[in-house]
């Protein structure tokens with residue numbers, strides 16, 4: 001009987017894996033994935049996500065590692081071994097929260113949110129690799145951002161959700177925050193700040209999850225607002241602002257309180273990558289799943305509201 005049960009479980013797992021290869025949302029169906037970021041590198045897209053590992057019915061985040069997937073068509077995704085975990089940062093103690101990977105030269109830099117081991121509060125670290133699939137290692141041996149470096153708010157979790165952007169002139173910027181959106185220049189080595197930490201002035205409430213991208217001379221800052229979260233965005237002709245609020249980009253994600261996203265262009269099309277609670281039978285905000293849908297622009301450069309689908313992209 002045990003053999004039969006094991007066989008049924010294995011068949012179910014294999015069925016889920018095959019289903020994941022056939023497209024549709026969520027795009028990853030054998031694990032709970034959250035806080036997506038994506039990197040276009042040549043003819044592939046690399047997806048980086050946190051791994052929601054909370055036991056069933058447990059109402060808090062359990063996240064110890066980050067996951068990596070790749071695709072050549074946005075439909076079929078290949079899983080790679082986990083290239084990074086909290087344990088790879090000797091100074092950190094917990095929480096593999098939101099992150100983003102960028103490429104500079106022949107190196108890949110991974111900016112992550114963790115709980116600092118000795119300085120109270122969340123912190124941002126950076127890891128480096130010669131490959132987009134890793135393995136990655138701590139590039140500094142210490143945090144890039146710690147809670148005592150930011151004083152706009154007294155909360156312990158305002159230094160989260162790093163988003164890195166390299167402008168056309170080669171200058172790199174790091175955006176991050178919760179309740180306050182911070183940004184700073186990065187040095188060419190990508191592991192040190194190059195100047196003061198600055199505050200982004202926005203006309204609508206900023207909660208978390210900033211994402212920066214640029215298109216046809218416009219800078220776009222999209223981020224989560226309120227709680228449960230929606231994604232809104234602002235536009236500017238300068239990365240330093242002023243930022244003009246443009247409205248909602250993505251609505252409430254169903255049974256999931258958070259709304260974290262990435263925006264990319266790949267092979268002539270634009271994509272919006274996000275998470276929801278579609279695969280969760282319970283504890284949806286702690287058992288999230290990454291999805292992908294198309295993103296479209298209006299003639300004036302503004303973005304059309306995302307239509308979240310179960311079919312996903314074709």
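Rule-based calculations on the coordinates, nothing more; no lab input. Keep in mind that this is a model prediction, so the values were computed, not measured. Counting neighbours? That spans all protein chains shown, and the Cβs are built from the backbone with ideal geometry, glycine included.
The table that follows gives values for the structure above.
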{"quantity": "Over the chain, relative contact order from alpha-carbon pairs under 8 Å, at least 6 apart, %", "calculated": "16 percent"}
{"quantity": "Estimated [θ] at 222 nm from DSSP helical runs (n ≥ 4, -39500 (n - 2.57)) normalised by residues in the chain, nearest 500", "calculated": "-2000 deg cm²/dmol"}
{"quantity": "Order of 272, 175 under a 10 Å beta carbon neighbour criterion, fewest first", "calculated": "175, 272"}
{"quantity": "Relative contact order (%) - criterion: Cα under 8 Å, at least six apart; region: the stretch 197-314", "calculated": "17 percent"}
{"quantity": "Footprinting exposure proxy for 200, 112 (fewest neighbouring C-beta atoms within 10 Å first)", "calculated": "200, 112"}
{"quantity": "Radius of gyration and Dmax over the Cα atoms of the chain, both given in Å", "calculated": "18.8, 67"}
{"quantity": "Between the stretch 36-105 and the stretch 124-147, the Cα center-to-center distance that results, in Å", "calculated": "13 Å"}
{"quantity": "Choice from 132, 210, 120 showing the highest fluctuation, given a GNM over the chain with Cα pairs closer than 10 Å", "calculated": "120"}
{"quantity": "Relative contact order of the stretch 166-246, defined on C-alpha pairs under 8 angstrom at six or more residues apart (%)", "calculated": "21 percent"}
{"quantity": "Residues 224, 302 arranged by fewest to most Cβ contacts within 10 Å", "calculated": "302, 224"}
{"quantity": "Rounded D (µm²/s) - the stretch 32-117, Kirkwood Rh over Cα pairs, Stokes-Einstein at 4 °C, 1.567 mPa s", "calculated": "94 µm²/s"}
{"quantity": "Shape of the stretch 119-193, Cα gyration tensor, a/c cut at 1.5", "calculated": "oblate"}
{"quantity": "For the stretch 251-314, the spread of Cα positions along each principal axis, largest first, Å", "calculated": "41, 22, 16"}
